[in-house]
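Chemist: Below: one structure in structure tokens.
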Amino acid sequence: DQPQFQVSKLSDLRAYLFTYEPEIVVLNETWLNKHVTDGELVSDQFYTIYRKDRTSKDMEMYNKKGGGGVMILCRNNIGIEVDQVKDKVNLPIVTILLKTKNLTPICISTFYRYDYSGLDCLEDTERYYTRLSRKYKNLAIIGDLNLSSVKNWDDPVSSNSIHEGFAHLFTSLGMSSLINAPTHRDGNVLDIILTNNS
């Protein structure tokens, strides 16, 4: 019942890392599970991997497709201290903290919201990101929130009550979107970058 490991996408990722040497890479819908080790993805000589794989609930909901999973890769030689922000949240979220001597720390979080997520997910998300936004002056949330009914993040309203709840949450936390154009072939703004310090 494990989805087939997509070797071609892994090859694309490795080629991208080798060619461009990005300092930080944020990925959603990795489709990874405990059977895939970090070493199979990329050499720990070059990148440190922070990931949260599909849960058993994810596997049940997306058994045919795979679905789910988030990951952040940080290049090892960027001269910045990187720590993972440990959490007890039962959501597909990974958060890291970038620290330098002279700058305010930057908190980067990736979040994948399943399109079937309901009120319980909204409440957990609110608790988690409220804590983070109070603690960190520089917070960025990068991910696929699947809020297809929110068409304009400059004025994030929705006829869907759950989508409206998520939009209101991030607005109330002082988060603004750096992306306000379609990111999906159907014309929806699904993939976003939200920040409390643009």
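Chemist: Quick one: how many Å² of Thr110 are accessible to a 1.4 Å probe, rounded to 10?
Modeler: Approximately 0 Å² of Thr110 is accessible to the 1.4 Å probe.
Chemist: Along region 127-138, what does the Karplus equation 6.51 cos²θ - 1.76 cosθ + 1.60 (θ = phi - 60°) give for ³J(HN,Hα), rounded to whole Hz, x for Gly and Pro?
Modeler: Once rounded to whole Hz, the list reads 4, 5, 6, 5, 4, 4, 5, 6, 8, 10, 5, 10.
Chemist: Please report the Cα spread of region 20-105 along all three principal axes, rounded to whole Å, starting with the longest.
Modeler: Sorted from largest, the Cα extents of region 20-105 read 47, 27, 18 Å.
Chemist: Then there is this: Considering only protein heavy atoms and a probe of 1.4 Å, how much of the accessible area of the chain is carbon and sulfur, as a whole percent? Could you put the intermediate results ahead of the total?
Modeler: Working: 5560 of 11240 Å².
The nonpolar share, carbon plus sulfur, comes to 49 percent.
Chemist: Could you sort Phe46, Phe170 by accessible area so the largest value comes first, with the probe set to 1.4 Å?
Modeler: Phe46, Phe170
Chemist: Add +1 for every Lys or Arg and -1 for every Asp or Glu among the other residues with Cβ under 14 Å from the Cβ of Ser177, and state the total. Mind dumping the intermediate values first?
Modeler: Working: positive: Lys151; negative: Asp144, Asp154, Asp155, Asp191.
Cβ neighbours under 14 Å give a net charge of -3.
Chemist: On to the next question. Ignoring ligands and nucleic acids, what accessible area does His184 show with a 1.4 Å probe (Å², nearest 10)?
Modeler: Approximately 60 Å² of His184 is accessible to the 1.4 Å probe.
Chemist: Using only helices, what value at 222 nm comes out for the chain when you add -39,500 (n - 2.57) per DSSP H run of length 4 or more and divide by the total residues, to the nearest 500 deg cm²/dmol? Walk me through the numbers before you get to the answer.
Modeler: Working: 5 runs with 53 residues, N = 198.
Rounded to the nearest 500, it is -8000 deg cm²/dmol.
The values are calculated or read from the model by the stated rules, or taken from the named source; none is laboratory data. Owing to the predicted nature of the structure, the values given are computational and were not obtained by experimental measurement. Backbone-built Cβ (ideal geometry, glycine too); neighbour counts: all protein chains shown. These area figures cover heavy atoms from the full protein model, side chains too; ligands, DNA and RNA do not enter into them. Shrake-Rupley method; radii C 1.70, N 1.55, O 1.52, S 1.80 Å.
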